[in-house]
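The values are calculated or read from the model by the stated rules, or taken from the named source; none is laboratory data. Small disclaimer: the values here were computed from a predicted structure and weren't measured. Note that we place each Cβ from the backbone using ideal geometry, even for glycine, and neighbour counts take in every protein chain shown.
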Amino acid sequence: MTLMHKFTTAAAVTALSAGAALAEPGLIIDLGGKFDKSFNESAYTGAQRWVEETGGSYMETELASEAQREQTMRRMAERGANPVVVLGFANASTLETVAPDYPETNFVIVDMVVDQPNVQSVVFSEHQGSYLVGLMAAMASETGTVSFVGGMDVPLIRKFACGYAQGAKSVADDIEVISNMTGTTPAAWNDPVKGAELTRSQISQGSDVVFAAAGGTGVGVLQAAADEGILAIGVDSNQNYLFPGTMLTSMVKRVDNAVYDAFQSAEAGDLETGVQVKGLEDEGVAVAMDEYNADLVTEEMQAAVDEARAKIISGELEVHDYTSDDSCPALTF
């Protein structure tokens, strides 16, 4: 079943029963580590914000291997967690199998669609946010070459790269966009040494701005960029603070809000299942502007971002979504 078909078929909306609302939520942290300074850490931050604001508690498990996915989901459901929040597209096929066995438990998956009546699927318009940082990269580049380092080579990460390339080429048709993926297994999310190696290789080819969408691997990308004196763009969490002076921006993906909202709505007894798409309009994705990158973002750059953001939201500007047809007009993989 295609992603778009799942969007249309996952229309049923259910709510937690009053009894289930008293259950503790559960959070399953994906491979790459809780403190990856990116995707997983953003989710953990959202859970902690809920704890601080409500005084509630939740169950948490951190995956150490692929083999743990199904067992961990089942164990969390059997312990009474409700909802069970799972992070990452790689959990989708497992959740398709597990969710029907626990019809009284609601599950939330972040980054993929699972078409089951007791599953809320939260996905993001990463291509739109990536377009905006690609635009910024091209405007900041002095060499006419920018680059991208992805984690695992999967359609979701190609979605980032494709939007980035389209944004860059909106500034200059002849700009070169170099794209490399770290690997083809989940180990690609936690290999900062490889991330740094890829970045240095891209720099040798002329790149002076690099965008990392690679989980924990991205820290190596950002470090190499800082060491070599080029600009870098972070992802998921606001990573601007990591290397002030070389961080042009971060393409923030509000995974924290997805987790926080799931916990909050479950506590209120009104968690809705089905598909939720978070985009620019509701700041599900955004470009990070703060004191750490203020000196790098020109007024012209900010104005261009604001204009493009408004056009994307209005529908005047369409950013190609790689996952819609497995193609990318702006970039060859």
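Could you go through segment 170-185 and let me know if any residue there is assigned to a helix (DSSP H, G or I), in contact with a strand residue (DSSP E or B) (Cβ under 9 Å, 6 or more places away or on another chain), buried (at least 18 other Cβ atoms within 10 Å of the Cβ) and touching a residue at least 40 places away in the same chain (Cβ under 8 Å). Scanning segment 170-185, I find no residue that is assigned to a helix (DSSP H, G or I), in contact with a strand residue (DSSP E or B) (Cβ under 9 Å, 6 or more places away or on another chain), buried (at least 18 other Cβ atoms within 10 Å of the Cβ) and touching a residue at least 40 places away in the same chain (Cβ under 8 Å), so the answer is no.
Set side by side, the residues 97, 8, 54 differ, and just one is surrounded by fewer than 20 Cβ atoms within 10 Å (Cβ to Cβ) and either modelled with pLDDT under 95 or on the phi > 0 side of the Ramachandran plot (or both), which is 8.
Residue pairs whose Cβ atoms lie under 8 Å apart, sitting 6 or more positions apart in sequence or on different chains, and linking a residue in segment 235-264 that is buried (at least 24 other Cβ atoms within 10 Å of the Cβ) to a partner that is assigned to a loop (DSSP other than H, G, I, E, B) and of a type in the set (Lys, Arg), are 237/37; 239/37. Residues considered: 321, 295. Of these, the only one that is surrounded by fewer than 20 Cβ atoms within 10 Å (Cβ to Cβ), more than 22 Å from residue 120 (Cα to Cα) and charged (D, E, K, R) is 295. Screening segment 23-42 for residues that are of a type in the set (A, V, I, L, M, F, W, C) and under 19 Å from residue 273 (Cβ atoms) and picking the one that is modelled with the lowest pLDDT gives 23.
To keep it simple, each residue is scored yes or no on (1) within 19 Å of residue 121 (Cα to Cα); (2) in contact (Cβ under 8 Å) with a residue 60 or more places away in the chain.
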| position | (1), (2) |
| --- | --- |
| 51 | no, no |
| 56 | no, yes |
| 78 | no, no |
| 93 | yes, no |
| 98 | yes, no |
| 103 | yes, no |
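Out of all the residues in segment 277-292, which are surrounded by 18 or more Cβ atoms within 10 Å (Cβ to Cβ) and closer than 24 Å to residue 158 by Cα? 278, 279, 280, 284, 285, 286, 287, 288, listed by residue number. If you check 205, 239, 223 for being on the phi < 0 side of the Ramachandran plot, out of contact with any strand residue (DSSP E or B) (no Cβ under 8 Å at 6 or more places or on another chain) and not hydrophobic (A, V, I, L, M, F, W, C), only one passes: 223.
Under 23 Å from residue 132 (Cβ atoms) and modelled with pLDDT under 95, is that true of residue 208? No. Could you pull out the residue among 304, 262 that is in the same structural domain as residue 115 (by TED's automatic domain parsing) and among the hydrophobic types (A, V, I, L, M, F, W, C)? Of the residues listed, the single one that is in the same structural domain as residue 115 (by TED's automatic domain parsing) and among the hydrophobic types (A, V, I, L, M, F, W, C) is 262.
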